[in-house]
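Report on the structure given below.
The values are calculated or read from the model by the stated rules, or taken from the named source; none is laboratory data. All of these numbers come straight from a predicted model, not from anything done at the bench. Please note: Cβ atoms are built from the backbone with ideal geometry, for glycine as well, and neighbour counts cover all protein chains shown. Areas reflect the complete protein model, heavy atoms only, side chains present, ligands, DNA and RNA absent. Shrake-Rupley method; radii C 1.70, N 1.55, O 1.52, S 1.80 Å.
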Protein chains: 2
Amino acid sequence: MTTTTNGNGNGNGNGNGGTGGGKKLTVLTKDPVADIIAITPFPASEKVYVAGPDGVQVPVRRITLTGGEPAFDVYDTSGPQGVDPHLGLPKLRAPWIAARKDSANQSQMHFARRGIITPEMRFVAIRENVTPEFVRDEIAVGRAILPANIHHPETEPMIIGKNFLVKINANIGNSAVSSTIGEEVDKLRWSVKWGADTVMDLSTGDNIHETREWIVRNSPVPIGTVPIYQCLEKVNGDPEKLTIELFLETLIEQAEQGVDYFTIHAGVRMQYIPLTAKRVTGIVSRGGSIMAKWCLAHHKENFLYTEFERICEVMKKYDVAFSLGDGLRPGSTADANDGAQLGELETLGELTKIAWKHDIQVMIEGPGHVAMNKIRENMDLQARICQDAPFYTLGPLVTDIAPGYDHITSAIGAAMIGWFGTAMLCYVTPKEHLGLPDRDDVKAGVIAYKIAAHAADLAKGHPGAHLRDDALSKARFEFRWQDQFHLSLDPDTALQFHDETLPAAAAKGAHFCSMCGPKFCSMKITGEVREMVAAQELEAGLAAKAAEFRESGGKLYAGSDDHHH
Amino acid sequence: MTTTTNGNGNGNGNGNGGTGGGKKLTVLTKDPVADIIAITPFPASEKVYVAGPDGVQVPVRRITLTGGEPAFDVYDTSGPQGVDPHLGLPKLRAPWIAARKDSANQSQMHFARRGIITPEMRFVAIRENVTPEFVRDEIAVGRAILPANIHHPETEPMIIGKNFLVKINANIGNSAVSSTIGEEVDKLRWSVKWGADTVMDLSTGDNIHETREWIVRNSPVPIGTVPIYQCLEKVNGDPEKLTIELFLETLIEQAEQGVDYFTIHAGVRMQYIPLTAKRVTGIVSRGGSIMAKWCLAHHKENFLYTEFERICEVMKKYDVAFSLGDGLRPGSTADANDGAQLGELETLGELTKIAWKHDIQVMIEGPGHVAMNKIRENMDLQARICQDAPFYTLGPLVTDIAPGYDHITSAIGAAMIGWFGTAMLCYVTPKEHLGLPDRDDVKAGVIAYKIAAHAADLAKGHPGAHLRDDALSKARFEFRWQDQFHLSLDPDTALQFHDETLPAAAAKGAHFCSMCGPKFCSMKITGEVREMVAAQELEAGLAAKAAEFRESGGKLYAGSDDHHH
C-alpha cells in the first residue's frame, strides 16, 4: 500500500471553493448553512490516504509525534474537508455503484453471498486491517453489515460487526420545538470530526425532507432514520391513520435520498403490548408507542410485521439495511429484561431470517436502561436469537438517577455490552431525558462513546487496539506533553486543562506536572529507579562474570571459539 | 425510630453564628477561609435526623415530592450546616469516645471482637438499614471498617465493606504549585455536599499541617492522608533521608490531629522493584516511588514493611485504619495485572493478617489503569489474598486515551469493580494526569463516582438501592419534572439543561418534553395504551362474565351467598 496526503490536514472549515460532488442543493428562503461554524483541524495531524490494490483510497489521520517516535495513524471518520455544503461531498462510490447497476438486488450481502468482493469491502478491509475475503464472509453470513445505499455515494465505507472495531452512532435532528437545518448540518460535521461512525437523523418537526437532504449530501458516514416519524408527520400526528402504503411510499422517498439504514419497529406485535401496561415506564420508544397505538386502535397485528416482505422489496433495491427497532425496550432499570422486551426480541430473530432470505443486511437494536448485572443476558440472548446479526444498543444506562449525566451512566453500560459483543453503540448525550442536544452535548456524547467503544476493543483484545493506549502512556511517562495531548481523543480539552494549572508554554516540556510540582514527581523518580536497577544489574552482571572467571580458573575463553555471546 | 428536622434544610451557607465544637482555629496572616463560597442547599430538601435507640441521631436528606408521592429519604454525607469554619463542626462523638477512654486499643475492630456494639456501630446500622449486630460482626471479621480516629469526634460514622453501600472518596489537597487552605476547605465542603463518603487530603506543598487542621475540624466524613508526603517535606524532598523514626513521629502528629486512615506503602518490597523497570509507565504511585528509591539507595528492605508492627502500635492507640497502599499499581493498561502489582498484593495480604492480629482496621488499595477484561481478576485475587478486607480502588481507568475525560474512563471501571465487590471507589476528576482539580472538577468527579457506586449497588441487588431509580423513573413517566430533578444526583444541572430547551416555568408541568414536542410524545401515547388495555381488559372481563353467566344457565349468584367478589 502507498499513501498520499492532502496538504491541509483534517478539518479545514467551510470553504466555498470545495470539490463538491453534484448540483447545488436548493436554498430555502434563507440559506440554512450561511452561518455554519467552521470545523477546526486536529493539531499535529494530517489526513493521509492509504491506497488499496483496487484504487480505493482510505483516509486515516496521521499524528506527528516528537522524541523520535514514528507518526501514529488513527481511524478517521471526518470525511473530505473544505467542501462547500451547498455542493455536498464528492461522490466517491459513484463509479463502483454504476458498475453493478444491473443487479436487481443491490445489497452488499447479496454480492458477498455470490462470492463477490466489492470495492466497498476492499475499502473496509484496509480500514480494519483485515483481508477483503474476511470482510466478504462476515457480511455473507450476516455477522456484519456494510450500510451503503446506492443513492448515498458520498459515504466512505464502514462495517458494523462483532469481529470489527466497535462503532458508535450519534443522533441528531430537529424537533417540533427547536433547531434549524444549519444547526443540524453543523452537528453532523461536528459528530464525524470527533469520531461518529454513523449518524441518525431523528428529525420530527417541519422540513424533515429538506433537513435530510442537506445531511445526506454532506455526510461521509452512513445515515440512519426512523421513517415512521415522517409518516406520522404526513398524517398530522395521528398514529391511527398510518397505513402500509404510506409507509412504503415514505421508505422509497427516503431511500431515493440515500438513507443507509432504517429503524423499523416490526417486532411490536399485538401479543406483547399488554405486557407493558404494568411497567414503571411503559413504552418509551417513540416508534414502539406509535405502532402500539395503531395496533390497539385497529385491533390488528402491526402492519410492519404482517407486510415485512413488501418492505424487504424496497430495502434490497437500494441496499438499505434494516435496523430492527426495539420498540418495547425498557425505559427504566425497573423494566429491564422483562417479557415485553424479550418477546419482541424473539420476533426480531424471526424477522432477521426473513430479511436474510432476501439477502438484506440486518442489525438489531437493543436497550436502553439495564442494570449491570442484566447486561450480559441481553447480549447473549440477542446473539442466540438473532444468530449473531450485529447488535446495536442505546447505552444501556446502568442507573436512572443521574439526568444531566446520562452520557456517563450509559457509557458504563455501553463499554460493557461492547466488550460482550455489541457491534455499534448509540450515543447518549448529557441532555438525554431533559432537552435537545446542542453542539457541546453532541461532542460530549461522541467522546464518551469513543471511550466506551475503545475500552470494549481493548477488552476484546482487538488486534492493535492497545497501540494507541501504549503510545499515549509512553508519551505521558516521558513527559512529552504535546504528544500526550495529540494522541488523546480530545487534544483541545487536554491542552486547555493543562493550561489551567500550568499555562506557561515551557511547562509543556517540563519533566514534572502540576499534581506533584517540580521538586518531587513519581515518574521522575521512576526514571531514576530504572537507572539504578540498570546499574545494579550491570554491577551484578560484572560480579557474576568475575566469579565465573575465577571458577573457570582464569581461562579467558573457556575453550570456546564463539566470541559472540 | 423517630425523626426530627432542623428547619433550614441541607446546606445553608457560611454563617458566622454556627454551633461549632471547640476553640477557634488559629488564623494565619490572612484568614484562609475569609472568602469561602457558601454551600447552597438542595432544592425541595430538608435535613432530618433519624433517632436510634441509644440516642444516636442519623442525618438523612428528605426530598419532598408532588403528586401525592411520599417524601423520599437519601443517605446524607453533608454534615451539619451553617457552622463557622473557624469553630469547626460539633464534636458529635466526644461523649462516646470519652466513655471508652480506658481501653489501650481504641479501634472499632477491637471492641467488635469483644462483642461490644459501639454507638458508632449503632449509627451506621441506621444509616445502612441493617442490625447493629451485623455491623459489629462485619467489623470483627475484618470484612468492613468504620474509620473513626478518637481525635476526630466531628465525624458522622460511616462504614466501608462489601456488604454495605458502595462508598466513594474524593481527593483534595494543595501542591507545591497551587491552591490555598481556603480553596481546600471549600473543596471539602463541596465534596461532601455532592456525596463524598470520605475525603483524602493529599497536600504536598507548604502549610501541610495547617491545611489538615482546617480540613479535619470541618469534616463530617473520615479523612485519609498519605503520611509519607509530609515526611518527604520534612527531609526537603530527599527520599533517601527518610527513617522509621521520622515516619512514626509524623504518624503521631497526624493521628493527634484526627486523621482517620493512613495510606501506607508497606508492600513495596525490594524484590518487586526490578519487576517495574520494563513497564511502559514504571512506578506511578508517589508513595511507591519514594519507597522504591529509598530501598535502592540503601540496598535495604522497605522500613514500612520491616517495622510494620511499630506502626501498628500507633494505629491502634488512635483507631487509625490502615489503607495499605498499592505503590506498584499499574500506571497504564499495558502494565495491568503484572508481576510487580500482584507481588505487592501478596505482601498486602500478609500485612493484613499482622494488622488484624493487633485488632487494627484495614482496607487495601487497588489500581489504577486496567482494561475491562482484567478487572474481575483484580477483585478476585484481592478478596482471596486479603481475606475479604475491604478493597479500595482508584477507578480503574479502562483506557488511557482520554485525558480530560478520565472521570468517565475510570467510572466505567469503578462501576464494574464495585459490582464485583470493591467497597470504596476513589474518584478521578477530569483533570487527572493534566492538572489540579478545581471546584468544578471535584463536583464532576464526585457525581461520576456516585453514579458508579450506585450502579454497583443496583447490580449487586443491594436491598433498597433500586427505590430511588424507581421513584425517579415514575416521576419521569408521569411528567413530574420537578420531582425528577429533585430525585436526581444533581438537581441544579438537570433543571438547567431542561431550561436550555424549554425555559418556561409552565414547561415544568408540561405533559411533553423537548425531544418530541407537544404534538407527539411516546410517554403520552403509552398512557393512552394503558387506558386502552385497561378498557379492553374490562371489556374482555365483561364478555367472559357474560359467557359464564350464559353457561351457568343465567343464574345470577351460582349458588353462592358471598356477594363480596
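Observations, loosely collected:
- Looking only at region A:324-341, and only at residues there that are more than 24 Å from residue B:451 (Cβ to Cβ) and surrounded by 19 or more Cβ atoms within 10 Å (Cβ to Cβ), the one that is farthest from the other protein chains (Cβ to nearest Cβ): A:324
- Scanning region B:486-501 for residues that are closer than 17 Å to residue B:444 by Cα, facing another protein chain (nearest Cβ under 7 Å) and part of a helix (DSSP H, G or I) yields a count of 3.
- Residues that are more than 14 Å from chain A (Cβ to nearest Cβ) and among the acidic types (Asp, Glu), drawn from region B:168-200: B:184, B:186, B:197
- Residue list for region B:422-441, restricted to those being under 13 Å from the mean Cα position of the chain (by Cα) and among the β-branched types (Val, Ile, Thr): B:422, B:428
- Candidates B:54, B:84 - the one that is modelled with pLDDT under 95, in a loop (DSSP other than H, G, I, E, B) and within 21 Å of residue B:217 (Cβ to Cβ): B:84
- For region A:359-373, the count of residues that are open to solvent by 20 Å² or more (accessible area, probe 1.4 Å) and within 13 Å of chain B (Cβ to nearest Cβ) is nonzero.
- Taking region A:467-497 as the range and being among the polar types (S, T, N, Q) and either open to solvent by 10 Å² or more (accessible area, probe 1.4 Å) or under 24 Å from residue A:410 (Cβ atoms) (or both) as the test, the residues that pass are A:482, A:488, A:493, A:496.
- The set of residues in region B:210-228 being at pLDDT 95 or above, assigned to a helix (DSSP H, G or I) and either open to solvent by 10 Å² or more (accessible area, probe 1.4 Å) or under 18 Å from residue B:289 (Cβ atoms) (or both) consists of B:213, B:217, B:227, B:228.
- Cβ-Cβ distances below 6 Å connect the following pairs, each with a first residue in region B:144-158 that is open to solvent by 10 Å² or more (accessible area, probe 1.4 Å), a second residue that is of a type in the set (Val, Ile, Thr), and a separation of six or more residues or different chains: B:150/B:97; B:153/B:97.
- Test: residue in region B:132-153 that is in contact with a Leu (Cβ under 7 Å, 6 or more places away or on another chain), outside any helix (DSSP H, G or I) and more than 14 Å from chain A (Cβ to nearest Cβ): yes
- Top-ranked residue of region A:446-466 - restricted to ones that are more than 16 Å from the chain's Cα centre (by Cα) and at the interface with another protein chain (Cβ under 9 Å from one of its Cβ atoms), ranked as surrounded by the most Cβ atoms within 10 Å (Cβ to Cβ): A:459
- Identity of the residue in region B:286-305, free of Cβ contacts under 8 Å to residues at least 40 places away in the same chain and more than 11 Å from every other protein chain (Cβ to nearest Cβ), that ends up most open to solvent (accessible area, probe 1.4 Å): B:300
- Residue within region A:230-249 that is open to solvent by less than 10 Å² (accessible area, probe 1.4 Å) and either β-branched (Val, Ile, Thr) or touching a strand residue (DSSP E or B) at 6+ places or on another chain (Cβ under 6 Å) (or both) present: no
- Checked against the criteria, residue A:283 counts as among the β-branched types (Val, Ile, Thr) and either assigned to a loop (DSSP other than H, G, I, E, B) or surrounded by fewer than 24 Cβ atoms within 10 Å (Cβ to Cβ) (or both).
- Test result for residue B:321, of a type outside the set (Ser, Thr, Tyr), touching a strand residue (DSSP E or B) at 6+ places or on another chain (Cβ under 7 Å) and within 14 Å of chain A (Cβ to nearest Cβ): no
- Taken together, the criteria place residue A:40 among residues that are open to solvent by 60 Å² or more (accessible area, probe 1.4 Å), polar (S, T, N, Q) and closer than 20 Å to residue A:439 by Cβ.
- Residue A:443 vs. criteria within 9 Å of chain B (Cβ to nearest Cβ) and closer than 24 Å to residue A:202 by Cβ: no
- Matching residues in region A:61-107 - criterion: being free of Cβ contacts under 8 Å to residues at least 40 places away in the same chain and closer than 28 Å to residue A:491 by Cα: A:68, A:70, A:71, A:73
- Members of region B:467-482 found to be more than 7 Å from chain A (Cβ to nearest Cβ) and in a helix (DSSP H, G or I), listed by number: B:467, B:471, B:475, B:481, B:482
- Residue in region A:421-444 that is farther than 30 Å from residue A:490 by Cα and outside any loop (DSSP other than H, G, I, E, B) present: no
- Residue within region A:348-357 that is within 18 Å of residue A:425 (Cα to Cα) and not small (Gly, Ala, Ser) present: no
- Each residue in region B:401-420 was checked for being open to solvent by 10 Å² or more (accessible area, probe 1.4 Å) and within 21 Å of residue A:374 (Cα to Cα), and 2 pass.
- When residues of region B:375-400 are limited to those that are of a type in the set (D, E, K, R) and in contact (Cβ under 8 Å) with a residue 40 or more places away in the chain, the one least open to solvent (accessible area, probe 1.4 Å): B:400
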